[in-house]
Amino acid sequence: MIRLFERHRKRCTYCLDGIWKFKTDPAGRGEKEEWYKHFPGDAVDIVVPSCWNNELGLYEYEGKAWYAKKFRTRSENINILFHGVTGQAEVYLDGNHLGGHYGGFTGFNFVVENLPAGEHSLVVCVDNTHSDIDTIPLARVDWYHYGGITRSVEIMELGDLWIKDCRIDYRLDEKLENALLDFEVTVQSFSKNTGAGHNAGPAYLDIYINERKFHTVEFKAEKESVIKVEGLPLEGVKLWNPGEPNLYMVRFETGNDDLTERIGFRKIEIKNKKLYINNREVRLKGVNRHEDHPDWGFALPYKLMKKDMDIIKNLGCNTIRGSHYPNAEIFLDLCDQEGILFWEEIPMWGFREESLKNPLVLERGLKMHEEMVRRDYHHPCIFVWGLHNEIDTRIPAAYEITRAFADKIRSIDKTRPLTYASMYPLDDICFSLVDIVSINKYFGWYDGNIEKWVDCIAALKEKLQNENLSHMPIIISEFGAGGIYGENTFEGPKWTENYQDKYLDYTIRLFSNVPDIIGMYVWQYCDIRTAREMALERPRSFNNKGLVNEYRKPKQAYWTVKKLYEEL
Ligand code: ADA
């Protein structure tokens with residue numbers, strides 16, 4: 001499953017999910033030996049999508065691995081769409097290199113024309129190697145670098161015309177009752193009769209909203225036509241609200257092709273140090289969530305995502321931070337339809353000066369932001385973009401990269417506020433570049449005692465005042481304590497469920513009573529497997545700060561947080 005709604009009714013699409021041939025390549029022989037032409041005979045079977053680290057014997061494998069699959073198509077023009085391959089991917093079709101992609105959490109595609117009929121061979125080389133300087137993420141993170149084709153691979157059979165992309169924008173009137181809609185749709189043509197300058201007849205693009213024809217545009221099919229329509233009125237819209245998610249299906253149709261998007265109408269505002277959705281003040285009650293499970297790694301089945309959603313909603317949350325990378329699109333669909341607000345970010349975690357000054361990091365970061373924002377622009381659940389997490393925001397190099405990221409995102413999306421998670425609230429020099437101040441702190445776990453929270457919040461408010469930033473609202477984007485599931489004692493020292501429980505009880509009550517704090521995200525939803533580099537600080541090689549353990553069993557703190565969130 002890729003999405004929770006039907007994306008195409010006319011276009012023929014199918015997934016290559018299932019058994020692929022697989023071989024690890026620790027010595028890097030594959031390219032030289034042309035495995036993309038002759039796949040090694042001793043390759044084994046693997047399921048796609050999945051992470052190879054969940055296979056027996058490959059628990060710690062980091063490096064290159066090759067995947068192969070045969071498929072048939074009836075069309076001579078196809079789009080091959082990879083929804084997620086962790087790290088670097090190099091793709092080969094019938095022995096020829098199609099191209100590569102860097103970045104594990106957003107999709108990429110290849111349009112292939114004039115493909116001969118019959119069987120084709122798709123080979124992918126995946127590399128999940130991470131460096132200490134210029135990969136995003138770096139080698140040292142506090143989650144696990146699962147490798148593999150972790151999300152579905154989709155084949156689309158294309159006709160003469162196909163809708164390559166669409167963008168839907170809207171403006172709501174004062175009363176939030178009526179909308180003016182803008183559309184930008186890119187259509188490509190493979191027909192030999194089109195092409196710039198050719199005198200082909202007119203083509204039509206129909207736009208349907210919730211099954212009713214809304215508008216038709218006549219256009220001339222060029223190799224690539226960008227069709228723009230602006231200011232089309234839609235009256236009496238039902239708003240998307242947290243907990244009350246009204247959604248609209250927008251379907252584009254031309255010739256034998258179609259594409260459906262799902263949108264929600266809502267107004268997001270940051271004003272008077274508060275967050276407003278549709279003119280209503282919202283207090284964020286959230287958790288940080290990694291896409292992780294001992295048996296699935298990043299490649300969570302939908303059933304598990306749905307269960308996560310149920311557990312999180314039962315906790316009384318109205319928001320999730322997708323720490324620390326773009327989530328599967330299907331999970332965002334779920335947030336859209338469950339009315340849960342979502343904070344999305346790229347996996348830029350813990351970067352220091354040398355990396356922040358590295359041009360490749362800037363280039364990769366910009367591209368990742370662009371891919372994330374373009375992929376997820378239409379999800380009403382996303383209310384904020386996160387630029388990075390716990391980089392060294394005390395130094396000019398961080399200022400420069402944060403500014404570049406903010407400019408990039410704002411050039412694509414003017415509708416959502418920006419933030420990032422800072423671990424240096426009192427020395428941070430980048431707050432002015434974004435709209436919301438978000439801080440990660442662990443007083444009472446790593447640093448000093450828990451009461452230091454009070455001083456930190458007071459000092460942060462003073463700093464914002466001094467820097468003319470007192471209009472900015474504050475989110476506590478991470479706070480938490482480790483509690484090992486089942487560790488229940490009278491004494492309640494660190495690593496017990498009791499310590500974690502008391503910790504969260506104190507902090508949530510504290511944050512709830514500070515008016516400038518518009519919300520909080522407990523670190524974290526579930527226990528997760530962590531990187532080798534962190535193992536000595538992390539019992540079981542897990543980050544144990546989950547409210548539920550890795551198998552989603554609740555710890556004592558789950559019930560405490562539930563009570564507090566339900567009262568808030
Ligand atoms: C950081 C980081 C998280 C996690 C957490 C912790 O703030 O953003 O990914 O590592 O600390 O548990 O220490």
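The values are calculated or read from the model by the stated rules, or taken from the named source; none is laboratory data. These numbers come from a predicted model, not from an experiment. Positions of Cβ are backbone-derived with ideal geometry, glycine not excepted, and every protein chain shown enters the neighbour counts. Side chains are part of the model used for accessible areas, which takes the heavy atoms of the whole protein and leaves out ligands, DNA and RNA. Shrake-Rupley method; radii C 1.70, N 1.55, O 1.52, S 1.80 Å.
Just in the range 237-325: which GluC sites (Glu not before Pro) are loop by DSSP and have at most 16 other Cβ atoms within 10 Å? Walk me through the numbers on the way to the answer.
Details: sites: GLU253, GLU261, GLU269, GLU281, GLU291; in loops: GLU291.
The qualifying sites: there are none.
Quick check: at a probe of 1.4 Å, how many percent of the accessible area of the chain sits on carbon and sulfur atoms?
Numbers: 11120 of 22610 Å².
Within the chain, the accessible surface is 49 percent carbon and sulfur.
³J(HN,Hα) across the range 224-230 via Karplus (A = 6.51, B = -1.76, C = 1.60, θ = phi - 60°), whole Hz, x for Gly/Pro?
9, 10, 9, 9, 10, 9, 10
Sorted by packing (mean other beta-carbon atoms within 10 Å per residue), highest first, where do 480-493, 218-231 land? Numbers along the way, then the final one.
Working: 480-493: 16.7, 218-231: 14.5.
In decreasing order of mean packing, 480-493, 218-231 become 480-493, 218-231.
Would you mind calculating the relative contact order of the chain from Cα pairs under 8 angstrom and at least 6 residues apart, reporting the percent as a whole number? Mind showing how you got there, number by number?
Values: 1306 pairs, mean separation 68.9, N = 568.
For the chain, the relative contact order is 12 percent.
Which of the trypsin sites (Lys or Arg not before Pro) across the range 492-568 are loop residues per DSSP, with 15 or fewer other Cβ within 10 Å?
Numbers: sites: LYS494, LYS502, ARG509, ARG529, ARG532, ARG540, LYS545, ARG552, LYS555, LYS562, LYS563; in loops: LYS494, LYS545, ARG552, LYS555.
Loop-located and lightly packed - LYS494.
Mind ordering 380-388, 161-169 by average Cβ neighbours within 10 Å, highest first?
Values: 380-388: 25.1, 161-169: 18.8.
Ranked by mean Cβ neighbours within 10 Å, highest first: 380-388, 161-169.
Please calculate how many Å² of accessible area the chain carries per residue, with a 1.4 Å probe and no DNA, RNA or ligand atoms counted. Don't skip to the end; give the middle numbers.
Values: 22610 Å² over 568 residues.
Ligands and nucleic acids excluded, the result is 40 Å² per residue.
Cut-off 20 Å, label point 7 angstrom out along Cα-to-Cβ of ALA43: give me the residues of the range 12-29 whose amide nitrogen falls inside.
Hits in the range 12-29 for ALA43 at 20 Å: 15-29.
For the chain, what is the mean residue ellipticity at 222 nm derived from helices alone (per DSSP H run of n ≥ 4: -39500 (n - 2.57); sum divided by total residues; nearest 500 deg cm²/dmol)? Before the final figure, lay out the partial values.
Working: 8 runs with 105 residues, N = 568.
That calculation yields -6000 deg cm²/dmol at 222 nm.
In the chain, which Cys residues have no partner Cys with a Cβ closer than 4.7 Å?
CYS12, CYS15, CYS51, CYS125, CYS166, CYS317, CYS430, CYS456, CYS526, each lacking another Cys Cβ under 4.7 Å.
Whole Å is fine, so just give me how far the alpha carbon centre of the range 529-548 lies from that of the range 223-250.
43 Å
Give me the distance between the Cα centres of the range 442-483 and the range 38-64, rounded to whole Å.
Each part's Cα centre sits 44 Å from the other's.
Multiplying the sequence separation of GLU537 and VAL229 by 0.36 nm and subtracting their Cα-Cα distance, what value in nm do you get?
Numbers: separation 308, 0.36 × 308 = 110.88 nm, distance 5.58 nm.
Result: 105.3 nm gained on full extension.
How would you classify the range 106-256 from its alpha-carbon gyration tensor, with a ≥ b ≥ c the square roots of the eigenvalues: rounded for a/c under 1.5, else prolate if a/b is greater than b/c, otherwise oblate?
Numbers: a/c = 2.50, a/b = 1.19, b/c = 2.09.
Oblate.
How far apart, in nanometres, would the label points at GLU353 and ASP132 be if each is projected 7 angstrom from Cα along the Cα-to-Cβ direction?
Spacing of the two 7 Å Cα→Cβ label points: 1.6 nm.
Taking the Cβ of HIS378 as the center, what net charge do the other residues with Cβ under 14 Å away carry, scoring Lys and Arg +1 and Asp and Glu -1? Show your work: numbers first, answer last.
Values: positive: ARG3, ARG7, ARG167, ARG251, ARG262, ARG266, ARG374, ARG375, ARG416; negative: ASP165, ASP169, ASP182, GLU184, GLU261, GLU329, ASP333, ASP336, GLU344, ASP376, ASP413.
Once all neighbours under 14 Å are counted, the net charge is -2.
Once you have the Cα-Cα distance between LYS461 and GLU491, take 0.36 nm times their residue separation minus that, and quote the gain in nm to one decimal. Each step should come with its number before you reach the end.
Values: separation 30, 0.36 × 30 = 10.80 nm, distance 3.53 nm.
Difference between extended and current length: 7.3 nm.
Going by Cα centres, the range 90-145 and the range 362-419 are how many Å apart?
Comparing the Cα centres of the range 90-145 and the range 362-419, I get a distance of 23 Å.
Once both labels are modelled 7 Å past Cα along the beta-carbon direction, what's the ARG140-LEU360 spacing in nm?
1.9 nm
Skipping prolines and chain starts, which residues have an amide H placed within reach, meaning under 5 Å, of the one on GLY63, given they are 5 or more residues away or on another chain?
ASN128, THR129
Stretched out fully, how many nm does the piece from CYS15 to ASP182 gain, at 0.36 nm a residue minus the Cα gap?
On the way: separation 167, 0.36 × 167 = 60.12 nm, distance 3.16 nm.
Value of the extension gain: 57.0 nm.
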